[in-house]
1. Only one of (1) buried (at least 18 other Cβ atoms within 10 Å of the Cβ); (2) touching a helix residue (DSSP H, G or I) at 6+ places or on another chain (Cβ under 7 Å) is not met by Lys131, so which one is it?
2. Let me confirm something: among Leu42, Leu84, Leu91, Leu78, which residue is open to solvent by 10 Å² or more (accessible area, probe 1.4 Å) and at pLDDT 95 or above?
3. Considering (1) assigned to a strand (DSSP E or B); (2) more than 22 Å from Leu91 (Cβ to Cβ), say which one Ala145 fails and leave the rest.
4. Has segment 119-141 got any residue that is within 17 Å of Leu15 (Cβ to Cβ) and within 12 Å of the chain's Cα centre (by Cα)?
5. Just a yes or no: is a residue in segment 171-179 closer than 27 Å to Ile35 by Cβ, among the basic types (Lys, Arg), without any contact (Cβ under 8 Å) to a residue 40 or more places away in the chain and open to solvent by 40 Å² or more (accessible area, probe 1.4 Å)?
6. Quick check, is Glu182 open to solvent by less than 70 Å² (accessible area, probe 1.4 Å) and over 16 Å from Cys95 (Cα atoms)?
Amino acid sequence: MASLIPKPRKKLVFLASGRGSNLEAVLQVIQKGKIPGNPAFLVTDNPEAPSIQIAAHHNVPAKILDFKSYSKKEEYHLDLLRTLEEISPDLIVACGYMRILKPEIIRAFRNRIINIHPSLLPSFTGLHAQKQAFDYGVKFAGCTAHFVDEGVDSGPIILQGVVKIEEGMTERELTLAILKEEHKILPLAVKHFCEDRLLIKDRKVSIL
């Protein structure tokens, strides 16, 4: 009987600017052998980002492109594109990356960039989504794992996690509840991608 040849593991690059809790959530699942992915690099725009230490703890090298050191911001985006092209990842995971990716990067990695956003898209795009939802008075909030396109938080939706806003819940409590859902759905979205289970048709994502 012929043996099945396992598929090669996907090469992953992570983009992060801050504390890196979503980065850690994905790396922990990879470490448990539940995601067929190889975390090749963390790329960060912030040399002081705690995510660098998290990556190091998981033996993932970091490439630092200090955004503040660029007098011409377009040079930063060009360097980021060159860096990503050199690494040539199968998937880019934006987890707390606070820069808008330029169209040149999105075109180069079309349907190969996943982002996590702390709202139930298409509602409350952009910054401070948790506060937007809290101030609006919605009864349910949450988070969305989605592919990145040229818009702001407008790409095809992969998975969503829902949080019920209980009476008396504070904005801080809502933010932490949403974060717990982020830590569930982002690793799952990455897992589905690495297992070739995501199909995009007419901007709708099916999980095979």
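1. Exception for Lys131: condition (1).
2. Details: Leu42 fails: open to solvent by 10 Å² or more (accessible area, probe 1.4 Å); Leu84 fails: open to solvent by 10 Å² or more (accessible area, probe 1.4 Å); Leu91 fails: open to solvent by 10 Å² or more (accessible area, probe 1.4 Å).
Matching residue, one of Leu42, Leu84, Leu91, Leu78: Leu78.
3. Unmet condition: (2).
4. No, every residue in segment 119-141 fails to be within 17 Å of Leu15 (Cβ to Cβ) and within 12 Å of the chain's Cα centre (by Cα).
5. Our first condition is that a residue be closer than 27 Å to Ile35 by Cβ; within segment 171-179, this holds for 175-179.
Applying the additional criterion that residues be among the basic types (Lys, Arg) yields none.
No, because not a single residue in segment 171-179 is closer than 27 Å to Ile35 by Cβ, among the basic types (Lys, Arg), without any contact (Cβ under 8 Å) to a residue 40 or more places away in the chain and open to solvent by 40 Å² or more (accessible area, probe 1.4 Å).
6. On the way: open to solvent by less than 70 Å² (accessible area, probe 1.4 Å): yes; over 16 Å from Cys95 (Cα atoms): no.
When the stated conditions are applied, Glu182 does not pass them.
The values are calculated or read from the model by the stated rules, or taken from the named source; none is laboratory data. Fair warning: this is a prediction, and the values are worked out from it, not measured in the lab. All Cβ positions, glycine included, derive from the backbone under ideal geometry; neighbour counts span all protein chains shown. Accessible surface is based on the protein model in full, side chains and every heavy atom, while ligands, DNA and RNA are left aside. Shrake-Rupley method; radii C 1.70, N 1.55, O 1.52, S 1.80 Å.
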